[in-house]
Amino acid sequence: MKTSKIIFISLISVIAFLILISFVDIKLNSMRHQNTIVNRQALSSFKVIYINNSNLDLVQNDSSFLETICLKDSIMPRMNYSVKGDTLMVSDIRQSNKRPGYPLIRICSNDSLKSIILKNSDINLKDFRSAKMNLIMDGSYVVLNQNEKIVSPLRSLDILARNHSNINSNKFKIENLVINLQKSEAYLSIVASKINGILLDSSRVNINLSGEVSMKSDSTSTVNLNEN
């Protein structure tokens, strides 16, 4: 058999295998969707959210609610939360670390949310619409994702992280970025017109060199500026 025919047959086999894998994946996802149950609890508007010892998604939406997705045969996890004044307090709520895995838990808020306070938590922050956001982290891990296909309404982000916190972001544009770290790390692809902050106690930040930068650090900390 000629080499060209062998290559052609091999290529066809690979394509057929990929199509089969895609079909199986679609079928499994459809079955998972059919075997899940969604519970949604409405929340009153809040300006501050305090999250302790939790793992969940925090998303800005047109309305405020807490959503849990579980398998039909499983026990719905208990949602520990309360509202005090303009503050939503959440504690000991954990979703699966696997994707897809259950339970999946997310808190949606409208654009009244201005401050996020995290302690010992692992949070995905998605699509923030507030013009200004304060993020305070204590022993926490955050992934910040803004929709790259639209202009982000987020104009100013103020980050205070301590006690071995870590924050990562995708690439989006804002006007002002403040980064104050103590024993913490930040790896940010944000394109900001102005960046300032202070690094202390073996902290590290990786940021884009996109505008005016004024960062101070002690001898134990590191500032890395990356070209866009």
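The values are calculated or read from the model by the stated rules, or taken from the named source; none is laboratory data. None of these values were measured; they are calculated from a predicted model. Please note: Cβ atoms are built from the backbone with ideal geometry, for glycine as well, and neighbour counts cover all protein chains shown.
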Reported set for the range 82-104 where residues are closer than 19 Å to LEU43 by Cβ, charged (D, E, K, R) and assigned to a loop (DSSP other than H, G, I, E, B) is ASP86, ASP92
Please determine, by comparing only the residues of the range 132-176 that are of a type in the set (A, V, I, L, M), in contact with a Lys or Arg (Cβ under 9 Å, 6 or more places away or on another chain) and at pLDDT below 90, which one is surrounded by the fewest Cβ atoms within 10 Å (Cβ to Cβ).
VAL151
Any residue that is in contact with a strand residue (DSSP E or B) (Cβ under 7 Å, 6 or more places away or on another chain), touching a residue at least 12 places away in the same chain (Cβ under 8 Å) and over 19 Å from ILE195 (Cα atoms) - is there at least one of those in the range 148-155?
no
Give me a count of the residues in the range 46-88 that are farther than 27 Å from SER165 by Cβ and polar (S, T, N, Q).
2
Would you be able to say whether some residue in the range 211-219 is in contact with a strand residue (DSSP E or B) (Cβ under 7 Å, 6 or more places away or on another chain) and buried (at least 18 other Cβ atoms within 10 Å of the Cβ)?
no
